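The values are calculated or read from the model by the stated rules, or taken from the named source; none is laboratory data. Because the structure is predicted, anything quoted here is derived from the model rather than measured. No Cβ is skipped: glycine too gets one built from the backbone with ideal geometry, and neighbour counts run over all protein chains shown. We work out accessible area using only protein heavy atoms, side chains counted, and drop any ligands, DNA or RNA first. Shrake-Rupley method; radii C 1.70, N 1.55, O 1.52, S 1.80 Å.
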Amino acid sequence: MSENTPENKSTNGSRRLWLTGAVAAVAAGAGAGVAWWRSQPQAMGPGVEAQLWSQTFETPDGMPFAMAGLQGRPLLVNFWATWCPPCVKELPMLSEFAVQQGAKGIQVVGLAVDKSEAVMRFLQRQPVQFPVAIAMQGGLGLSRSLGNLQGGLPFTVLFDAKGQVRQRKIGELSSEDLTDWSK
């Protein structure tokens, strides 16, 4: 039978503290792993590239915007919304990228998963140097087909000149992402 000495109480307390810390570390690691996995683009649905190229959206002022007109050159598609802080934060960088890369052949288009009126008001205050279309109807479905199962915004996809997906990212882009993707 063990004695209830001060040394045993101290050892038991240390073991409990160590065990509690280990369990917390494992739980935190598992949670971080799940969060990381959920933020990664998943497998795409079959024929999703053809689905994108067959879409016609409307510009904020109501004009038709056919994705097929962008085929034949690399294209960066950014799904965004006016109510999404990381989306709004990355738009100036995307606008600058569109200007810099346009001469090199990379096109940029923004697909706003938002209402036309909100996008029009936003673009009047903060214009961008690339076309924007409204993808409110079907935009999140298309985004999910491209591997964004959670429907997170912003979501950016780079297509090559043949219309095939080359890069995808859920969440805010960095300038490093754009530099790597433009190579």
(message) List pairs: first residue in the stretch 158-179 and more than 19 Å from Leu140 (Cβ to Cβ), second residue assigned to a loop (DSSP other than H, G, I, E, B) anywhere in the structure, Cβ distance under 6 angstrom, at least six positions apart or on different chains.
(response) Asp160/Pro74; Ala161/Arg73; Ala161/Pro74; Gly163/Gln71; Arg166/Asp160
(message) Which numbered condition in (1) in a loop (DSSP other than H, G, I, E, B); (2) hydrophobic (A, V, I, L, M, F, W, C); (3) at pLDDT 95 or above; (4) surrounded by fewer than 19 Cβ atoms within 10 Å (Cβ to Cβ) is the only one that Met136 fails?
(response) (3)
(message) Can you confirm whether Phe122 is out of contact with any strand residue (DSSP E or B) (no Cβ under 7 Å at 6 or more places or on another chain) and assigned to a helix (DSSP H, G or I)?
(response) yes
(message) Quick check on the stretch 92-107: of everything there that is open to solvent by 10 Å² or more (accessible area, probe 1.4 Å) and of a type in the set (A, V, I, L, M, F, W, C), which residue is modelled with the lowest pLDDT?
(response) Ala103
(request) Could you list all residues from the stretch 147-160 that are over 22 Å from Pro85 (Cβ atoms), in a loop (DSSP other than H, G, I, E, B) and either touching a Gly at 6+ places or on another chain (Cβ under 6 Å) or open to solvent by less than 20 Å² (accessible area, probe 1.4 Å) (or both)? (result) Gly147
(request) Just one of (1) buried (at least 17 other Cβ atoms within 10 Å of the Cβ); (2) hydroxyl-bearing (Ser, Thr, Tyr); (3) over 13 Å from the mean Cα position of the chain (by Cα) trips up Ser175, so point out which. (result) (1)
(message) Which of the numbered conditions does Leu76 fail, given that it passes all the others? Conditions: (1) farther than 17 Å from Lys162 by Cα; (2) not in a helix (DSSP H, G or I).
(response) (1)
(message) Of everything in the stretch 41-91, what is open to solvent by 60 Å² or more (accessible area, probe 1.4 Å) and either β-branched (Val, Ile, Thr) or modelled with pLDDT under 85 (or both)? Give them in sequence order.
(response) Ala43, Met44, Pro46, Thr56
